1. Has segment 230-248 got any residue that is in contact with a Pro (Cβ under 8 Å, 6 or more places away or on another chain) and assigned to a helix (DSSP H, G or I)?
2. Would you mind stating whether Ala199 is surrounded by fewer than 19 Cβ atoms within 10 Å (Cβ to Cβ), in contact (Cβ under 8 Å) with a residue 40 or more places away in the chain and either more than 16 Å from ligand 1 (Cβ to nearest atom) or not assigned by TED's automatic domain parsing to the domain that holds Leu261 (or both)?
3. Residues Val86, Val126, Val62, Val114: which one is within 16 Å of ligand 1 (Cβ to nearest atom) and either in contact with a Pro (Cβ under 9 Å, 6 or more places away or on another chain) or not aromatic (Phe, Trp, Tyr) (or both)?
4. Of the conditions (1) within 16 Å of ligand 2 (Cβ to nearest atom); (2) open to solvent by 10 Å² or more (accessible area, probe 1.4 Å); (3) at pLDDT 95 or above, Arg39 satisfies every one except a single condition; which number is it?
5. Going through segment 181-196 one residue at a time, which ones are in contact with a helix residue (DSSP H, G or I) (Cβ under 7 Å, 6 or more places away or on another chain), more than 16 Å from ligand 1 (Cβ to nearest atom) and among the aliphatic types (A, V, I, L, M)?
6. Among the residues in segment 214-222, are any under 20 Å from the mean Cα position of the chain (by Cα) and assigned to a helix (DSSP H, G or I)?
7. Working carefully through the options Ala148, Ala121, find the one that is open to solvent by less than 40 Å² (accessible area, probe 1.4 Å) and of a type in the set (Gly, Ala, Ser).
8. Scan Val40, Val31, Val25 and give me the residue that is closer than 15 Å to Glu219 by Cβ and over 17 Å from the mean Cα position of the chain (by Cα).
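The values are calculated or read from the model by the stated rules, or taken from the named source; none is laboratory data. Quantities reported herein were computed from a predicted structural model and do not represent experimental measurements. Please note: Cβ atoms are built from the backbone with ideal geometry, for glycine as well, and neighbour counts cover all protein chains shown. These accessible areas exclude ligands, DNA and RNA; they are computed on the full protein's heavy atoms, side chains included. Shrake-Rupley method; radii C 1.70, N 1.55, O 1.52, S 1.80 Å.
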Amino acid sequence: MSDLARDNLSAMIQALGLTKRYGRVPAVNGVSFTARPGRVTGFLGLNGSGKTTTLRMLLGLVRPTAGEARINNRRLRDLKHPVREVGAVLEQGISHPGQSGRAHLVSQAILAGVGGSRVDALLDHVGLTHAAEKRSGDYSLGMRQRLAVATALLGDPPTLVLDEPANGLDPEGVAWLRGLLRDHADRGGTVLISSHLLAELAQLIDDVVIIVTGLVTCEAPLTSLYGAAAGRLRVRSRDQRRLWQVFESAGGRVTRNGDALEVVGLTAEHAGEIAFHARVPLHELAVEAPDLEQIFLNLAGS
Ligand SMILES: Nc1ncnc2c1ncn2[C@@H]1O[C@H](COP(=O)(O)OP(=O)(O)O)[C@@H](O)[C@H]1O
Ligand SMILES: [Mg+2]
């Protein structure tokens, strides 16, 4: 892969008040957000919330009723070489079923005017070398997704837009895709990826944009979503009442959860020291992992 640094500072995707009406109810209603270079941005929303419509407007495949999309700070129609600036993996399959994976990539490269010299390297990059001569119609869903990713990378674009690319991938495929996209962002590229599952993307994304029935309700770094949930402790001992007292007098907020206490406002280190000084032996002290899917559903539920 060539160095992405050339377009580093401008390889940005912007939605500026994008709106699409199909009937009376807008499918997408004034959506604005920015996906930045060096970061993976997750575009999250339940099914039917407007993700695909927004991404297709960003790629110039659906004409907005209002608003505009900008890639690298330019309107789509002003891009000189769109496939060199933005690569896309969309929901529907793109290859002719009778064509082999290699034939598909070569013909797409010709159509895009980028030459076929990278085809073999790309087949290798997406793990399809062994199936290069096979009819793409005989590919598994996961292999078709890999071919779609290779197609998106043909023009070596700094910007990648992927619509639910993890659908149909097995866990190994999801891990592979995460590695590829993280690497792309680490080299200065911009990645915008949609999903209806936060947990699927939690290990990958840096920023989140949440869309609820056509409206963006949240645009933030992923970690800021965790909020108080990230610092919740679960504590067990034989003397819960004494622990409750000492935690509260140290400033913790304590609630009961079954046979354990849940504490917010203290670090695990602090809670352990407090218990030690109160001479209460601990049977369990754990930092609760935030329930990502619950956080997402709270934000994404309409
Ligand atoms: N071509 C279309 N004609 C009419 N309605 C559409 C069309 N495409 C999408 N919609 C509607 O727009 C809404 C958003 O759809 P979509 O963007 O596909 O959501 P998502 O990708 O988040 O599942 C849905 O209610 C859908 O039915
Ligand atoms: Mg969709």
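1. Yes; the residues of segment 230-248 include at least one that is in contact with a Pro (Cβ under 8 Å, 6 or more places away or on another chain) and assigned to a helix (DSSP H, G or I).
2. On the way: surrounded by fewer than 19 Cβ atoms within 10 Å (Cβ to Cβ): yes; in contact (Cβ under 8 Å) with a residue 40 or more places away in the chain: yes; either more than 16 Å from ligand 1 (Cβ to nearest atom) or not assigned by TED's automatic domain parsing to the domain that holds Leu261 (or both): yes.
For Ala199, the condition - surrounded by fewer than 19 Cβ atoms within 10 Å (Cβ to Cβ), in contact (Cβ under 8 Å) with a residue 40 or more places away in the chain and either more than 16 Å from ligand 1 (Cβ to nearest atom) or not assigned by TED's automatic domain parsing to the domain that holds Leu261 (or both) - is met.
3. Working: Val86 fails: within 16 Å of ligand 1 (Cβ to nearest atom); Val126 fails: within 16 Å of ligand 1 (Cβ to nearest atom); Val114 fails: within 16 Å of ligand 1 (Cβ to nearest atom).
Matching residue, one of Val86, Val126, Val62, Val114: Val62.
4. (1)
5. First, pick out the residues of segment 181-196 that are in contact with a helix residue (DSSP H, G or I) (Cβ under 7 Å, 6 or more places away or on another chain): 188, 191, 193-195.
Those still in the list that are more than 16 Å from ligand 1 (Cβ to nearest atom) too: 188, 191.
Scanning segment 181-196 gives a single hit, Val191.
6. Kept after step one, since they are under 20 Å from the mean Cα position of the chain (by Cα), are these residues of segment 214-222: 214-222.
Filter once more, so that each one left must be assigned to a helix (DSSP H, G or I): 222.
The answer is yes, given that some residue of segment 214-222 is under 20 Å from the mean Cα position of the chain (by Cα) and assigned to a helix (DSSP H, G or I).
7. Values: Ala121 fails: open to solvent by less than 40 Å² (accessible area, probe 1.4 Å).
On inspection, the qualifying residue turns out to be Ala148.
8. Values: Val40 fails: over 17 Å from the mean Cα position of the chain (by Cα); Val25 fails: closer than 15 Å to Glu219 by Cβ.
On inspection, the qualifying residue turns out to be Val31.
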